[in-house]
Amino acid sequence: MNMIKTVKGTTDILAPEVLLWQRVEGVLASTAKAYGYEELRTPTIEVQELFSVSVGQTTDIVEREMYSFPDKKGRHLVLRPEGTAPACRAYVEHQLNVQPSPSKFFYMGSFFRYEQPQSGRKREFHSFGVEAIGEQSHLQDAEVIDLVFTMLSRLGLTGLSVDVNSIGDASCRPQYKELLQASLKTHEDKLCDDCKRRLMENPLRVLDCKREDPQLLASLPKSVDFLCDECRTHHALLLSALDSLHIPYRQNSRLVRGLDYYTKTVFEVLSEDLGAQSALLGGGRYDYLVRQLGGPQTPAVGWGLGMERLIAIVAAHSPDLAASLPPLRIYVVHSDTATTAAFELRRRLVESGVAVDIDVRSDSFGKQLARASRRGARYAIIIGDDESSRGTVTVKDLSTGTQETLESDGLAEYLDGRSR
RNA sequence: GUGGGUGUAGCUCAACUGGUUAGAGUACCGGACUGUGGAUCCGGUUGUUGGGAGUCCGAAUCUCCUCACCCACCCCA
């Protein structure tokens, strides 16, 4: 078929499914607000430099996955590939460090990466994330993780746990990196081709490789064993806070993240229901990012989750939420001469907060009622010649078939009494 | 970027080994039934068989190219 279609890796979200999106987005946003986070909306386009200095020049995201283009003045722009760097850019740009600390944000929206689409991975995908900027305490790490579990619980998802690790900071990671590199060099001949390349550029990522021999990986030095005092204390306090809060976590010494800005705490929530793209949520601490972007030294922690992946899990695990009730739907059926009266009736009802659909085709009542029931209406309001001349309406309950005639002035109240 | 799988009405699928005008269910529209719906019956619309080239008397079917989707690698949310 020769028709214009969605761009590869993008999709339309249509009627039944979009209801689930609205509901899930509502739960996420309201929970974040209840935890004291405020919504932050940043632009979809940013200058390319924002991500090369923050996410990292050698990461895949920056090297080959960004949608980048020059604008008409030759500026190097990109469609945002992730949400943390823009949040920090906004924090620095608006000097939010003068506001009470920490600044706590949540965001939701579209992000873009030029990748081969597969299950749980689109070129335009949707993220929800939170960022707490300006607090170094381990309890801030604990709070953002606690928020995750409150959200998951409100969505009816149980049985998930978070993988946690610490990858150190500027005072201990360089030494660990060297140690790991040295250890990897003694096994270089056994590494896969990708890991040979990673060995020089980003040795931590070898730990994440699924192709390597598990025994070999287990024998490598672990970052948690080489933390400086400050990082070790932070990590230990975080774990004990998670214990006290009964948050299910696993220590995973192989957990590293693909973005360069992380320090100390890193974490992920994985799900078996997601196929190969099993990461539902990922995040961590990024204590140097604000400074890198030109702000004052400011510790921060946050996470982002993939909406497509969350929706898939909710649909599989929480069918009652997935099969959300259709809205109470009222359908106005009218005769030719009552068109104006029908439109005015709807206007009054909508102003009083009742959702009303109207059939603009004033053909036979049988036709209109048939359309009303096919569209899932609970009630039909019939306003024909008789009703419009008397100032009444007939309300028919389409599930029981019963109907009664009442004064049109009392209609809003009547429906309100029945809507729940 | 690399591999594997799949492309036929809006949806679910047929169509023998290559053989007339590509069918059925469902959906949609209309009628029986112009002041009362979901049922039933009758009728109707729906396709460049993803697109292009080739082989052949003849292609949805075989070959090649291309595009899209699905899955996986890679990477990540």
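The values are calculated or read from the model by the stated rules, or taken from the named source; none is laboratory data. Treat the numbers as computed from the prediction; the structure is a model and nothing was measured. So basically every Cβ, Gly included, is an ideal-geometry build from the backbone, and we count neighbours across all protein chains shown. These area figures cover heavy atoms from the full protein model, side chains too; ligands, DNA and RNA do not enter into them. Shrake-Rupley method; radii C 1.70, N 1.55, O 1.52, S 1.80 Å.
When you count the other C-beta atoms within 10 angstrom of each residue and take the mean per peptide, A:184-193, A:56-65 line up highest first as A:56-65, A:184-193. Rounded, prolate or oblate, given the Cα gyration tensor of chain A, with a/c below 1.5 counting as rounded? Cα axes put chain A in the prolate bin. Close amide-amide hydrogen proximity is noted between A:Arg250 and A:Val162, A:Asp163, A:Val164, each under 5 Å apart and 5 or more residues distant or on a separate chain (H modeled in the peptide plane; Pro and chain starts excluded). The length gained on full extension between A:Thr405 and A:Val350, counted as 0.36 nm times the residue separation minus their Cα-Cα distance, comes to 17.8 nm. Cα-based radius of gyration for segment A:24-146, normalised by 2.2 N^0.38 Å, reads 1.14. Here the accessible area of chain A is 50 percent carbon and sulfur, with a 1.4 angstrom probe and all protein chains present.
A straight Cα-to-Cα reach below 17 Å connects A:Lys177 with the lysines A:Lys185, A:Lys196, A:Lys222, A:Lys264, residues fewer than 8 places away in its own chain not being considered. Considering only A:Ala142, A:Ala90, A:Ala372, the Gaussian network model of chain A with Cα springs below 10 Å gives its largest mean-square fluctuation to A:Ala372. About its Cα centre, segment A:204-351 has a charge dipole of approximately 180 debye under the convention of +1 per Lys or Arg Cβ and -1 per Asp or Glu Cβ, with nothing else charged. In a reduced charge model with +1 at each Lys and Arg Cβ and -1 at each Asp and Glu Cβ, chain A shows a dipole moment near 800 debye about its Cα centre.
Under 5 Å between amide hydrogens, built in the peptide plane, is the criterion, and for A:Gly120 it picks out nothing among residues at least 5 positions away or on other chains.
A straight line joining the Cα centroids of segment A:214-289 and segment A:14-80 runs 23 Å.
Sequence neighbours fewer than 8 away in the same chain don't count; with that in mind, list the lysines whose C-alpha is under 18 Å from A:Lys104. The qualifying lysines are A:Lys33.
Roughly how many Å² is the accessible area per residue of segment A:330-418, as a whole number, for a 1.4 Å probe? All intermediate terms of the calculation are to be shown ahead of the outcome.
Details: 4850 Å² over 89 residues.
Spelled out: the 1.4 Å probe surface of segment A:330-418, per residue, equals 55 Å².
Using Cβ point charges alone (K and R +1, D and E -1), the dipole size of segment A:330-418 about the Cα centre works out to roughly 460 debye. Heavy-atom accessible surface of segment A:160-297, averaged per residue, reaches 48 Å², computed with a 1.4 Å probe. Annotation: amide H of A:Ile358 within the under-5 Å range of A:Val332, sequence separation 5 or more or interchain, hydrogens built in the peptide plane. Using 0.36 nm per residue and subtracting the Cα-Cα separation, the extra length available between A:Gln95 and A:Gln251 on full extension is 52.5 nm.
Residue by residue, segment A:256-268 carries 3J(HN,Hα) couplings of 10, 10, x, 10, 6, 7, 6, 9, 6, 6, 10, 8, 8 Hz when phi is fed to the Karplus relation 6.51 cos²θ - 1.76 cosθ + 1.60 (θ = phi - 60°); x denotes Gly or Pro.
For segment A:287-410, the direction-averaged projected area of the alpha-carbon convex hull comes to 13.6 nm².
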